[in-house]
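The values are calculated or read from the model by the stated rules, or taken from the named source; none is laboratory data. Keep in mind it's a predicted model, so treat the numbers as computed, not measured. Don't worry about glycine lacking a Cβ; one is built from the backbone with ideal geometry, like all the others, and counts go over all protein chains shown.
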Amino acid sequence: MTKKNKISAIVFSVYILLTFYVFGGGIVNSLVGYRTWRAVGENEFPEFHQIDSALIIPLFVIFFFLSFIPQVLLFWFRPVIISKWLIWLALGFNLVALISTITIQIPIQTELDKRFSLELIDRLISTDMIYRRIPMALMAVTNFLMLYKVVKQAVSKPNLSTQF
């Protein structure tokens with residue numbers, strides 16, 4: 001195995017780890033977390049939301065941003081079975097989610113730090129689904145396709161070393 005192949009394997013593995021973690025965390029936050037916000041009392045909501053936001057940043061947001069590092073590195077360091085257009089496709093889906101986060105979600109979240117609003121929560125849920133969950137689900141499918149190609153190639157070569 002060449003040095004570039006070793007680096008490619010590491011970059012791809014880290015990318016898959018981060019993106020599947022982010023996808024799972026995002027789905028739970030979107031389909032469970034946001035929907036429970038409606039049940040929080042109006043007086044308690046700003047404090048609840050600030051605590052929720054403080055926890056979501058180190059447990060989710062940081063990993064979302066970190067996922068871009070190996071994703072971009074895959075343009076140069078990827079398993080040979082993965083075509084560059086799959087990397088572009090996944091990056092496109094990730095950028096849609098990023099742009100939505102910056103231009104739609106963060107302004108709504110900032111307003112929710114100040115006050116309870118069912119209208120804002122409903123808007124957060126609907127825009128999150130359209131501009132973040134759907135693109136992230138499509139990116140997860142793309143990532144699964146990449147992972148499938150790598151695994152399929154690995155199991156079709158009987159003389160591969162199993163050493164780490």
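What is the one condition in (1) assigned to a helix (DSSP H, G or I); (2) out of contact with any Leu (no Cβ under 9 Å at 6 or more places or on another chain); (3) under 16 Å from Ile121 (Cβ atoms) that Glu42 does not satisfy?
All conditions are met except number (1).
Looking at the stretch 15-52, which of the residues that are over 17 Å from the mean Cα position of the chain (by Cα) and polar (S, T, N, Q) is farthest from Ala97 (Cα to Cα)?
Per the stated criteria, the residue is Asn43.
Only residues in the stretch 89-102 that are at negative phi count as the first member; pair them with residues that are not in a helix (DSSP H, G or I), Cβ under 8 angstrom, at least 6 apart or cross-chain, and list the lot.
Asn94/Ser67
Identify the single condition in (1) crowded, with 16+ Cβ neighbours inside 10 Å; (2) farther than 23 Å from Arg132 by Cα; (3) without any contact (Cβ under 8 Å) to a residue 60 or more places away in the chain that Asn29 does not satisfy, given that it satisfies every other one.
For Asn29, the failing item is (2).
Residue by residue, here is whether (1) within 17 Å of Gly26 (Cα to Cα); (2) outside any helix (DSSP H, G or I); (3) aromatic (Phe, Trp, Tyr); (4) in contact with a Lys or Arg (Cβ under 8 Å, 6 or more places away or on another chain) holds:
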| site | (1), (2), (3), (4) |
| --- | --- |
| Ile57 | yes, no, no, no |
| Phe64 | yes, no, yes, no |
| Val72 | no, no, no, no |
| Phe77 | no, yes, yes, yes |
| Val80 | no, yes, no, no |
| Phe93 | yes, no, yes, no |
| Ser100 | yes, no, no, yes |
| Pro107 | no, no, no, no |
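Every residue, every condition in (1) assigned to a loop (DSSP other than H, G, I, E, B); (2) within 25 Å of Lys6 (Cβ to Cβ); (3) modelled with pLDDT under 95; (4) in contact with an Asp or Glu (Cβ under 9 Å, 6 or more places away or on another chain), yes or no:
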{"residue": "Ile125", "(1), (2), (3), (4)": "no, no, no, no"}
{"residue": "Met129", "(1), (2), (3), (4)": "no, no, no, no"}
{"residue": "Arg132", "(1), (2), (3), (4)": "no, no, no, no"}
{"residue": "Pro135", "(1), (2), (3), (4)": "no, no, no, no"}
{"residue": "Thr142", "(1), (2), (3), (4)": "no, yes, no, no"}
{"residue": "Leu145", "(1), (2), (3), (4)": "no, yes, no, no"}
{"residue": "Val150", "(1), (2), (3), (4)": "no, yes, no, no"}
{"residue": "Gln153", "(1), (2), (3), (4)": "no, yes, yes, no"}
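Being of a type in the set (A, V, I, L, M), in contact with a helix residue (DSSP H, G or I) (Cβ under 9 Å, 6 or more places away or on another chain) and modelled with pLDDT under 95 narrows it down to one residue among Val96, Val40; which is it? So that I can check it myself, show each step before the final result.
On the way: Val96 fails: modelled with pLDDT under 95.
The unique qualifying residue is Val40.
Take the stretch 128-149 and flag every residue that is loosely packed, with under 15 Cβ neighbours inside 10 Å and either among the hydroxyl-bearing types (Ser, Thr, Tyr) or touching a Lys or Arg at 6+ places or on another chain (Cβ under 9 Å) (or both).
Hit for the stretch 128-149 is Tyr148, nothing else.
May I ask you to list pairs of residues, at least six apart or on different chains, whose Cβ atoms are under 7 Å apart, with the first in the stretch 52-67 being at pLDDT 95 or above and the second being of a type in the set (Ser, Thr, Tyr) and surrounded by fewer than 13 Cβ atoms within 10 Å (Cβ to Cβ)?
none
Exactly one condition in (1) buried (at least 18 other Cβ atoms within 10 Å of the Cβ); (2) at pLDDT below 95; (3) not basic (Lys, Arg) is not met by Ala90; state its number.
(2)
Could you list, in sequence order, all residues of the stretch 6-23 that are surrounded by 12 or more Cβ atoms within 10 Å (Cβ to Cβ), of a type outside the set (A, V, I, L, M, F, W, C) and either without any contact (Cβ under 8 Å) to a residue 24 or more places away in the chain or in contact with a helix residue (DSSP H, G or I) (Cβ under 8 Å, 6 or more places away or on another chain) (or both)?
Restricting attention to the stretch 6-23, the residues satisfying the condition of being surrounded by 12 or more Cβ atoms within 10 Å (Cβ to Cβ) are 7-23.
Those still in the list that are of a type outside the set (A, V, I, L, M, F, W, C) too: 8, 13, 15, 19, 21.
The answer is Ser13, Tyr15, Thr19, Tyr21.
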